[in-house]
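Asks: Before I ask anything, here is the structure I am working with.
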Amino acid sequence: MAQATSWITHLKANPDPKYPNQGYPEMIAERFGTNLELVLGPQSQRVPYDQISQAEVERRLELVQEKLFVTNMRGGKQQLLQTLYEFLEHLEETKALWGIDIPLMNIMPMEGVERHPVEKLWINYRSQRTLYARHIVQIIFKFDLEINIDKIMDSLNKNQHNNN
């Protein structure tokens, strides 16, 4: 864990200029606010996501539908951005994340990861038009950068060892 903590500290202090945080796409910022104020509430009144009780997490999860059925576009495909838009509309209506501060990450922990504009990403919904909304919110509440970086570093070390 110490390895992950020092790596995170390094990345936070020295963000890679190749991967600056681009903010939210214009379509999202115009509808929900530049800091998602209509979904998360005023920034000054937010509590860090990892500082709320488990009982409060469970209460908020109950507000989120387990599955959202999204509209189809282009023969079963839909822009990822449109799916995100529909998900944020649901979160705005339910207030499930109201008052929660979710940090923006401007780091890319793995060299060689390609970035693509979200406007160019599509989801194939031909066989399944379901967005597991509650599961996504669970991931938000359970996300731990240190644990995830640790797993990434372990994986990189194993791959490097196997390649030698």
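Asks: Residue by residue through the stretch 41-81, note down the ones that are in contact (Cβ under 8 Å) with a residue 12 or more places away in the chain, over 19 Å from residue 135 (Cβ atoms) and in a helix (DSSP H, G or I).
Replies: 43, 45, 81, listed by residue number.
Asks: Within the bounds of the stretch 130-150, is there any residue that is surrounded by 12 or more Cβ atoms within 10 Å (Cβ to Cβ), at pLDDT 80 or above and over 27 Å from residue 43 (Cβ atoms)?
Replies: Yes, that holds for at least one residue.
Asks: For the stretch 8-39, name all the residues that are modelled with pLDDT under 65, surrounded by 12 or more Cβ atoms within 10 Å (Cβ to Cβ), within 18 Å of the chain's Cα centre (by Cα) and part of a loop (DSSP other than H, G, I, E, B).
Replies: 19
Asks: For the stretch 49-91: of the residues being of a type in the set (S, T, N, Q) and over 17 Å from the mean Cα position of the chain (by Cα), which is modelled with the highest pLDDT? Spell out how you get there, then give the answer.
Replies: Pass one, the stretch 49-91, residues of a type in the set (S, T, N, Q): 51, 53-54, 65, 71-72, 78-79, 82-83.
Applying the additional criterion that residues be over 17 Å from the mean Cα position of the chain (by Cα) yields 51, 53-54, 65, 71-72, 78.
Working: 51: 88, 53: 89, 54: 88, 65: 94, 71: 70, 72: 63, 78: 77.
Per the stated criteria, the residue is 65.
Asks: While we're looking at this one, here's another question. Which of the residues spanning the stretch 96-129 are modelled with pLDDT under 70 and of a type in the set (Gly, Ala, Ser)?
Replies: Result: 112, 127.
The values are calculated or read from the model by the stated rules, or taken from the named source; none is laboratory data. In this text the structure is predicted, and so the values were computed from the model without any measurement. Ideal geometry is used to build each Cβ from the backbone, glycine not excepted, and the neighbour counts take in all protein chains shown.
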